[in-house]
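Worksheet for the structure shown next.
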């Protein structure tokens, strides 16, 4: 206990003896094949994941899964910059893989800045020849309240900072805040603070967050391709109450594309989610479609999430299916949803997922490549944010929208989502369990898909299936 308190107050990240035994604690097997990395955000620590790691351990197959809470970047060490933190995480992953030669697959769960750190580490570890990450097959990428686009005080920007709009500054002061925000952020959070506002310009390079949405061959960093290589991508986003990360930012949408909730809508966790198959890229969905049993894990339509009590009572994602109701035109919670973001699937009479319209005209996008700009031609922050949003939206994301307006402390939504401290962020417990159930469901779909592929193709492994580590 004393060592934990010491590390919290001093920032000493040296693992104590009990933490060095983490592999034995978080897996029931001496030869796990799936590495799940949990990455904390700004000024966060390993302890922020206590509850979520406990719930994941409860619902995932611990005979095959190694759940590792990252210790590479904690407290003020997160101020060193997203790139420095990403490289530290990459080194940590290499050490884990060396110590666990049975590992074959890798997944990331990142909260807030942890999602950006994860994206950087994945790009650094990515192998363009075999689409592997540190010689492992990429499976699931899950971000939680992550500022994918950075920060911008402008209220109409998808990277807006909610706190600035809440202040309702009079005319003139808003321009002042827009001007001084990058300086304040850099002063408080050092290098990371400048990167959040895309005001970094190391060695005449483009802003890091913009480069994170591209492939950068000259740096040997393939950020976009690494993100594209994951079997599934999921973004949890707070619709209200998150003072630092806006809804559009964390859900990778533009402002005008956000679902509109009726005034007075209250929530204590997940309030809307895309169909489960939306986590897969269109070109990958046929393998899911072949898995008839997988339908039981997904109701097959866009829906309002079940209640907090239903989630807490569920043992598997399948337990939630019978409680979920299809959204009607005049649903009590959602007023309207843009068609482009809410194309829903149906379940046909043969119990297979009918996703033909998702796959119509599917064309795998080409990775955007970072090209250095001549001196004196740098774009504005808004232009970089717009370009980053366009690049990230070339990839398929399953969006899960949360609301904590009905919570006892609604302005702690950013912390609630991760259940950083159970005694104060208990409102997020159902969201944490939802995360565990959805990850378990996606793993079950992959497992059943692999079984179907093996039966029909002479045991040929799927991209995220069992087999040898990629050489």
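The values are calculated or read from the model by the stated rules, or taken from the named source; none is laboratory data. The structure displayed is predicted, hence computed values, not measured ones. Here the Cβ is made from the backbone with ideal geometry for all residues, glycine too, and neighbour counts use every protein chain on show.
Checking each residue in the range 248-267 for being crowded, with 24+ Cβ neighbours inside 10 Å and closer than 12 Å to residue 402 by Cβ picks out 250, 251, 267. Residue under question is residue 213, and the condition is that it be modelled with pLDDT of 95 or more and in a helix (DSSP H, G or I); does it hold? Considered against the rule, which asks whether it is modelled with pLDDT of 95 or more and in a helix (DSSP H, G or I), residue 213 comes out as no. Per this entry, residue 103 is counted among residues that are in a loop (DSSP other than H, G, I, E, B), over 18 Å from residue 228 (Cβ atoms), modelled with pLDDT of 95 or more and touching a helix residue (DSSP H, G or I) at 6+ places or on another chain (Cβ under 8 Å). Please list, ordered by first then second residue, the pairs with beta carbon atoms under 9 Å, 6 or more apart or interchain, first in the range 27-50 and on the phi > 0 side of the Ramachandran plot, second at pLDDT 95 or above and assigned to a loop (DSSP other than H, G, I, E, B). Pairs that qualify, where the first residue is on the phi > 0 side of the Ramachandran plot and the partner is at pLDDT 95 or above and assigned to a loop (DSSP other than H, G, I, E, B), are 43/74. Screening residue 91 against (1) surrounded by fewer than 16 Cβ atoms within 10 Å (Cβ to Cβ); (2) in contact (Cβ under 8 Å) with a residue 24 or more places away in the chain; (3) under 29 Å from residue 209 (Cα atoms) leaves a single unmet condition, (2).
Condition check ((1) in contact with a strand residue (DSSP E or B) (Cβ under 6 Å, 6 or more places away or on another chain); (2) surrounded by fewer than 24 Cβ atoms within 10 Å (Cβ to Cβ); (3) part of a loop (DSSP other than H, G, I, E, B)) across all residues:
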| position | (1), (2), (3) |
| --- | --- |
| 97 | no, yes, no |
| 108 | yes, no, no |
| 123 | yes, no, no |
| 143 | yes, no, no |
| 148 | no, no, yes |
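For the range 142-150, indicate whether the set of residues that are in contact with a helix residue (DSSP H, G or I) (Cβ under 9 Å, 6 or more places away or on another chain), more than 21 Å from residue 385 (Cβ to Cβ) and at pLDDT 95 or above is non-empty. Yes, the conditions are met somewhere in the range 142-150.
Note on the range 178-205: among residues that are touching a strand residue (DSSP E or B) at 6+ places or on another chain (Cβ under 9 Å) and buried (at least 19 other Cβ atoms within 10 Å of the Cβ), the one that is farthest from residue 133 (Cα to Cα) is 181. In the set 53, 29, 70, only one residue is more than 30 Å from residue 196 (Cβ to Cβ) and either over 20 Å from the mean Cα position of the chain (by Cα) or modelled with pLDDT of 95 or more (or both); that residue is 29. Candidates in the range 290-307 are the residues that are part of a helix (DSSP H, G or I) and buried (at least 20 other Cβ atoms within 10 Å of the Cβ); of these, the one that is modelled with the lowest pLDDT is 295.
Whether a residue is more than 25 Å from residue 413 (Cα to Cα), touching a helix residue (DSSP H, G or I) at 6+ places or on another chain (Cβ under 8 Å) and not in a loop (DSSP other than H, G, I, E, B) was assessed, and residue 118 does not pass this test. Candidates 395, 412, 446, 439: the one that is touching a helix residue (DSSP H, G or I) at 6+ places or on another chain (Cβ under 9 Å), farther than 21 Å from residue 42 by Cα, modelled with pLDDT of 95 or more and outside any loop (DSSP other than H, G, I, E, B) is 439. Applying the condition of being in contact with a strand residue (DSSP E or B) (Cβ under 6 Å, 6 or more places away or on another chain) and outside any strand (DSSP E or B) to the range 262-276 and asking which residue is modelled with the highest pLDDT yields 274. Taking the condition under 24 Å from residue 63 (Cα atoms), surrounded by fewer than 24 Cβ atoms within 10 Å (Cβ to Cβ) and modelled with pLDDT under 95, does residue 470 pass? Yes. Residues in the range 36-50 that are in contact with a strand residue (DSSP E or B) (Cβ under 8 Å, 6 or more places away or on another chain) and in a loop (DSSP other than H, G, I, E, B) were compared, and the one that is nearest to residue 193 (Cα to Cα) is 41. Among the numbered conditions (1) at negative phi; (2) in contact with a strand residue (DSSP E or B) (Cβ under 9 Å, 6 or more places away or on another chain), the only one that residue 134 does not meet is (1).
Take the residues in the range 51-88 that are part of a helix (DSSP H, G or I) and free of Cβ contacts under 8 Å to residues at least 60 places away in the same chain; name whichever of them is nearest to residue 414 (Cα to Cα). In this case the residue turns out to be 53.
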